[in-house]
Amino acid sequence: MSMEPNYGPDAGDWFCARCGERLEQRKVQAFYMNSAFDVLLPRCPSCGLTLVPKSLAEGKMAEVEALLEDK
Amino acid sequence: MDQSELHAVEAHCTQEAMPRCRAVCPLQMDVRAFMEHIAAGRARDARKLLERHLPLPAILIAVCDHPCENACLRRDLGGALAVGALERHVLATTPPQTRLIPRPPRQQRLAVLGAGLAGLVVAWELSRKGFPVDVLHEGDARDALRRSYPDIPETALDAEWTDFGKTPVTFLSSQYDAALIGRLRQEYAAVFVDMDAAATLLPLQRDDVDAATLHVEGNVCCGGWTDETPTGARLASASRQAGEGRTAAITLFRLMTGASLAASREQENDRRVLHTPLDGVASVARVLPAAAEYDADEAAREAGRCLRCECLQCVRECAFLERHKEFPRTYARKIYNNAAIVKGTHTANALALGCALCGQCTEICPEGFSMADLCLHARQDMVERGYMPQSAHEFALEDMAQASGPESAVSRPDPATGRCARLFFPGCQLAAARGPQVLRVWRFLRERLDGGVGIMLSCCGVPAFWAGNTPLFDEHAARLRADWESLGKPELIVACASCLDALARALPDARLRSLWEYLDDLLPEAAPVADAPVVSIQDPCGARHQEGWRAAVRSLVRKCGLRGEDPRRSGTETACCGYGGLVWNAQPDMADVMAARRASDLPHTALCSCIMCRDRLARQGKESLHLLDLLPMTAETSAAGAASRAPVAGLSARRAGRVALRRDVLAEYGETPPPPEAAALHLIIADEVLARMEDRFILRQDVQEAVEGIERTGQKFLEKESGHFVGSWRPRHVTFWVEYAISDVGCVIYDAWCHRMWLPGAMQPGKEI
Ligand code: SF4
Ligand code: SF4
Ligand code: SF4
Ligand SMILES: [Zn+2]
């Protein structure tokens with residue numbers, strides 16, 4: 001099972017509200033039910049806060065969650 | 001469930017049983033598929049089918065007595081299908097489709113005594129398996145057939161004899177004498193005696209041998225008797241003789257190969273009836289050939305009259321059964337296999353979770369198949385063995401906890417007298433959606449009934465039951481019991497049909513009666529109204545077996561000056577709105593299809609006695625009333641039209657509604673609980689944003705908590721141009737994301753979404769990998 005690797009923000013020009021840095025696509029890990037996935041997501045280069053865009057949450061992520069729950 | 005239980009369950013569904021035509025055919029000719037091929041112009045496939053099912057096809061088709069035609073369900077709807085004529089048509093117009101594959105010769109030799117139809121079928125079947133067969137006959141080899149079937153065309157005989165020439169069959173002219181069978185038994189591995197052509201050699205009647213094997217004794221079988229007509233004439237049934245030939249051939253094969261004669265032959269004699277609904281089937285007259293025999297076009301039209309007999313009565317009614325494209329018998333097997341999976345994907349979870357557990361199929365099915373039992377047991381097993389998907393019923397069970405927890409629940413005797421002969425149990429969904437009406441009807445009951453009417457606000461526990469979570473249901477039942485017993489075990493007045501069901505399980509010793517029966521007793525009969533507006537009565541699936549409920553609803557509708565009409569499939573056959581079985585939580589889209597379909601069954605404004613029916617039908621745009629919208633003590637407006645279009649309380653509002661009702665109930669006791677703390681942030685959520693959130697089971701309360709948390713930590717993102725913030729909050733095993741902006745008037749919510757995966761960096765700054 002895999003998740004498509006690279007998800008940008010759905011729309012707009014996004015910054016970390018605290019650090020003021022523009023978000024960059026960085027590799028992070030997501031976990032669910034004893035599985036881990038590497039995925040590229042918008043992330044603050046300074047503090048590391050990571051955004052999960054809605055399209056990912058409701059698309060691929062939901063799909064993978066459902067698959068894992070049926071394991 | 002073990003194998004034998006599975007078989008018992010499967011047996012209740014007849015969809016895979018044979019159509020009547022095939023069931024009465026001793027050779028089990030697949031007439032339905034044959035018809036389908038011809039109707040579609042697939043003559044070769046039709047011929048292939050004939051060759052697969054029928055021995056000696058040229059002969060058999062020429063002389064068959066076609067019991068299939070007598071049994072055909074079309075018989076009284078334009079005339080039975082012309083099976084015989086269509087078989088002749090295919091045989092005459094389509095070249096052979098199967099090639100005779102020579103088999104390596106076998107050691108054992110078989111003797112067939114008598115060249116009647118049964119004997120020849122035995123020779124035909126076993127020679128094709130490689131056994132050398134000697135057919136012993138008196139006179140000409142074809143005489144026996146000509147005698148029993150005087151009309152048999154010589155061309156048919158020639159055709160099959162040509163084929164015999166290609167197989168190890170030898171015709172031996174011989175003298176039948178008393179010692180012949182004895183000699184053959186010694187010389188051959190097995191012997192078949194044809195009871196038409198060589199009856200004189202074996203004084204046995206049909207009833208003297210086991211019909212399942214036609215085994216006489218040792219290495220001898222027999223079959224192919226003629227029948228006697230009531231007038232004493234001798235009559236040969238070709239289908240019966242050929243069928244006996246085939247049965248005997250199987251026995252002889254087993255005899256010669258040392259297998260058990262009787263084991264696993266049930267299928268040969270499986271004559272279970274396939275139930276085929278005929279309602280709405282129009283009569284269509286048999287197509288007659290212009291010439292002596294059908295041409296291709298006539299044949300296709302005649303075959304097109306076949307009803308393709310099948311049952312699927314439950315499947316046609318239930319959107320869930322239809323969605324999975326098969327039928328209960330195969331679903332049972334899938335669910336059974338699903339439970340056996342240890343490692344790998346449980347592909348039938350969706351099947352077990354999509355059923356509304358409503359029981360309609362059981363009522364419709366002529367055999368009473370219960371998909372609900374099957375799916376409920378599957379869920380119980382999933383919970384017990386830990387493979388129930390986490391998200392399936394989580395929201396519903398949280399909702400149950402909220403409805404039964406301190407902010408919503410209350411359990412008290414009558415506020416005026418402190419007595420409690422009866423206890424009003426409105427149910428947590430009615431309490432959530434219709435608090436003021438609940439309050440008013442409770443007051444009415446208190447005024448009109450002696451002995452005190454207490455109230456219990458709580459969930460009945462049915463969500464836990466539907467989720468298959470027996471431990472949770474039992475725990476909940478124990479709490480209900482403690483409250484009920486502390487009030488002196490009063491009779492319960494119940495306003496929800498599903499609650500009635502759950503309470504009967506939780507408190508089997510309690511007296512339960514529906515609110516409607518009480519109100520019907522208390523309200524006077526009204527004078528009949530001329531031109532009373534008509535409503536379609538939607539019986540809740542929970543009231544399928546609550547006759548008292550259904551009768552009281554109809555009576556109350558009348559007393560309210562309306563004319564209640566029963567839609568199709570009502571009463572015990574009513575259909576679920578999609579609330580049942582928690583489908584609304586596990587598979588909201590499935591539940592919506594159920595609601596839409598039910599809405600389309602109801603020609604007039606729906607009159608519901610279950611708040612979930614009302615709200616789910618209304619969400620589909622169906623004008624729907626709850627009975628409380630009509631009754632004099634609870635009607636909010638005199639215009640039923642307005643009430644039928646009143647908006648549906650969403651999930652967030654329902655939770656708030658329960659909290660508000662509890663406060664109102666406590667006020668009846670002179671208590672005023674401290675008002676809830678004012679929220680730190682005032683949320684502004686547009687209706688369509690809230691509706692979208694709730695479609696994802698995100699509540700206003702979740703967003704409130706999330707935004708407050710995000711603002712506290714300051715961990716959020718900013719979109720420069722719009723000034724919108726996005727942040728996340730993970731209070732339990734769901735991460736909520738909210739897009740919002742802060743203004744002077746409050747916090748405007750633009751969107752919210754959620755996921756269950758955990759990302760370490762999403763909530764607090766995390767390390768890059
Ligand atoms: S009604 Fe449904 S379950 Fe019953 S026999 Fe027919 S197809 Fe099978
Ligand atoms: S209608 Fe077709 S399937 Fe049904 S009994 Fe007749 S031939 Fe068989
Ligand atoms: S939803 Fe109702 S009718 Fe459909 S399978 Fe389940 S119990 Fe039967
Ligand atoms: Zn940052």
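The values are calculated or read from the model by the stated rules, or taken from the named source; none is laboratory data. What you see is a predicted model, and the numbers here were worked out from it, not measured in a lab. Note: ideal-geometry Cβ built from the backbone for every residue, glycine included; neighbour counts use all protein chains shown.
In the set (1) among the hydrophobic types (A, V, I, L, M, F, W, C); (2) within 16 Å of ligand 2 (Cβ to nearest atom); (3) touching a Phe, Trp or Tyr at 6+ places or on another chain (Cβ under 8 Å), the condition left unmet by B:ALA248 is number (2).
Condition check: over 14 Å from B:ILE749 (Cβ atoms) and within 43 Å of the chain's Cα centre (by Cα). Does B:PRO674 satisfy that? No. Among residues belonging to the stretch B:294-324 that are acidic (Asp, Glu) and within 12 Å of ligand 1 (Cβ to nearest atom), point out the one that is surrounded by the fewest Cβ atoms within 10 Å (Cβ to Cβ). Across the stretch B:294-324, the extreme among qualifying residues is B:GLU322. Criterion first (surrounded by fewer than 20 Cβ atoms within 10 Å (Cβ to Cβ) and among the polar types (S, T, N, Q)) does B:GLN715 satisfy it? No: the conditions fail for B:GLN715.
Residues in the stretch A:20-50 that are within 20 Å of B:HIS733 (Cβ to Cβ), at the interface with chain B (Cβ under 7 Å from one of its Cβ atoms) and buried (at least 16 other Cβ atoms within 10 Å of the Cβ): how many? The total comes to 5. When B:VAL410, B:VAL383 are checked against the criterion of being more than 16 Å from ligand 4 (Cβ to nearest atom), within 14 Å of chain A (Cβ to nearest Cβ) and β-branched (Val, Ile, Thr), a single residue qualifies: B:VAL383. Could you list all residues from the stretch B:496-518 that are touching a strand residue (DSSP E or B) at 6+ places or on another chain (Cβ under 7 Å) and not charged (D, E, K, R)? Residues satisfying the conditions are B:CYS499, B:LEU500, B:LEU503, B:ALA504, B:ALA510, B:LEU512, B:SER514, B:LEU515, B:TYR518. The criterion of being farther than 22 Å from B:GLY621 by Cβ, under 28 Å from the mean Cα position of the chain (by Cα), touching a residue at least 24 places away in the same chain (Cβ under 8 Å) and part of a helix (DSSP H, G or I) does not hold for B:TRP516. Being outside any loop (DSSP other than H, G, I, E, B), buried (at least 21 other Cβ atoms within 10 Å of the Cβ) and either aromatic (Phe, Trp, Tyr) or without any contact (Cβ under 8 Å) to a residue 40 or more places away in the chain (or both) is a condition met by at least one residue of the stretch B:126-135. In the stretch B:68-91 there is at least one residue matching the filter, namely being surrounded by 20 or more Cβ atoms within 10 Å (Cβ to Cβ) and closer than 30 Å to B:SER370 by Cα. Evaluate the following for B:LEU602: is it under 13 Å from B:SER644 (Cα atoms) and either at pLDDT 95 or above or in contact with a strand residue (DSSP E or B) (Cβ under 8 Å, 6 or more places away or on another chain) (or both)? No, not satisfied. Note on the stretch B:398-509: enclosed helices (runs of 4 or more DSSP H) holding 3 or more residues that are of a type outside the set (S, T, N, Q) and surrounded by fewer than 24 Cβ atoms within 10 Å (Cβ to Cβ) are B:435-448, B:470-486, B:497-506.
State which residue is nearest to the chain's Cα centre (by Cα) when the search covers only the stretch B:548-573 and only residues that are over 14 Å from B:ASP520 (Cα atoms) and in a helix (DSSP H, G or I). This residue is B:GLU573. Exactly one residue out of B:GLU739, B:GLU721, B:GLU705 is within 14 Å of chain A (Cβ to nearest Cβ), under 47 Å from the mean Cα position of the chain (by Cα) and acidic (Asp, Glu): that is B:GLU739. Flag: B:LEU274 does not match the condition of being touching a strand residue (DSSP E or B) at 6+ places or on another chain (Cβ under 8 Å), away from ligand 4 (no atom under 16 Å from the Cβ) and of a type outside the set (Phe, Trp, Tyr).
Matching residues to (1) modelled with pLDDT of 95 or more; (2) out of contact with any Leu (no Cβ under 8 Å at 6 or more places or on another chain); (3) more than 16 Å from ligand 4 (Cβ to nearest atom); (4) under 20 Å from B:GLN587 (Cβ atoms):
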| position | (1), (2), (3), (4) |
| --- | --- |
| B:TYR294 | yes, no, yes, no |
| B:GLU302 | yes, no, yes, no |
| B:CYS309 | yes, no, yes, no |
| B:GLN313 | yes, yes, yes, no |
| B:HIS324 | yes, no, yes, yes |
| B:PRO328 | yes, no, yes, yes |
| B:ALA332 | yes, no, yes, yes |
| B:ASN337 | no, yes, yes, no |
| B:VAL342 | no, yes, yes, no |
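Based on what the data block shows, is B:GLU705 without any contact (Cβ under 8 Å) to a residue 60 or more places away in the chain and out of contact with any Leu (no Cβ under 8 Å at 6 or more places or on another chain)? Considered against the rule, which asks whether it is without any contact (Cβ under 8 Å) to a residue 60 or more places away in the chain and out of contact with any Leu (no Cβ under 8 Å at 6 or more places or on another chain), B:GLU705 comes out as yes.
Among the residues of the stretch B:243-280, those identified as in a loop (DSSP other than H, G, I, E, B) and among the hydroxyl-bearing types (Ser, Thr, Tyr) are B:SER260, B:SER264, B:THR276.
So, B:GLU87, is that one under 29 Å from the mean Cα position of the chain (by Cα) and either more than 16 Å from ligand 4 (Cβ to nearest atom) or farther than 30 Å from B:GLY139 by Cβ (or both) or not? Against the criterion (under 29 Å from the mean Cα position of the chain (by Cα) and either more than 16 Å from ligand 4 (Cβ to nearest atom) or farther than 30 Å from B:GLY139 by Cβ (or both)), B:GLU87 does not qualify. Of everything listed in (1) surrounded by 13 or more Cβ atoms within 10 Å (Cβ to Cβ); (2) modelled with pLDDT of 95 or more, the single unmet condition for B:GLY670 is (1).
The rows are residues; the columns are (1) within 19 Å of B:LEU54 (Cβ to Cβ); (2) among the small types (Gly, Ala, Ser).
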position	(1), (2)
B:ALA141	no, yes
B:ASP158	yes, no
B:ASP177	no, no
B:LEU180	no, no
B:ALA189	no, yes
B:ASP196	yes, no
B:GLY243	yes, yes
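Return yes when B:ALA259 is out of contact with any helix residue (DSSP H, G or I) (no Cβ under 6 Å at 6 or more places or on another chain), in contact (Cβ under 8 Å) with a residue 40 or more places away in the chain and either within 14 Å of chain A (Cβ to nearest Cβ) or away from ligand 1 (no atom under 16 Å from the Cβ) (or both) and no when it is not. No; evaluated as a whole, the condition is false for this residue. Can B:ALA178 be described as outside any strand (DSSP E or B), in the same structural domain as B:GLU217 (by TED's automatic domain parsing), free of Cβ contacts under 8 Å to residues at least 24 places away in the same chain and of a type in the set (Gly, Ala, Ser)? Considered against the rule, which asks whether it is outside any strand (DSSP E or B), in the same structural domain as B:GLU217 (by TED's automatic domain parsing), free of Cβ contacts under 8 Å to residues at least 24 places away in the same chain and of a type in the set (Gly, Ala, Ser), B:ALA178 comes out as yes.
Restricting to the stretch B:742-761, and then to whatever is surrounded by fewer than 19 Cβ atoms within 10 Å (Cβ to Cβ) and over 46 Å from the mean Cα position of the chain (by Cα), can you tell me which residue is modelled with the highest pLDDT? Per the criteria, the residue is B:VAL748. For the stretch B:685-706, the condition holds for no residue, the condition being that it is at negative phi, at pLDDT 95 or above, outside the structural domain of B:VAL648 (by TED's automatic domain parsing) and aromatic (Phe, Trp, Tyr).
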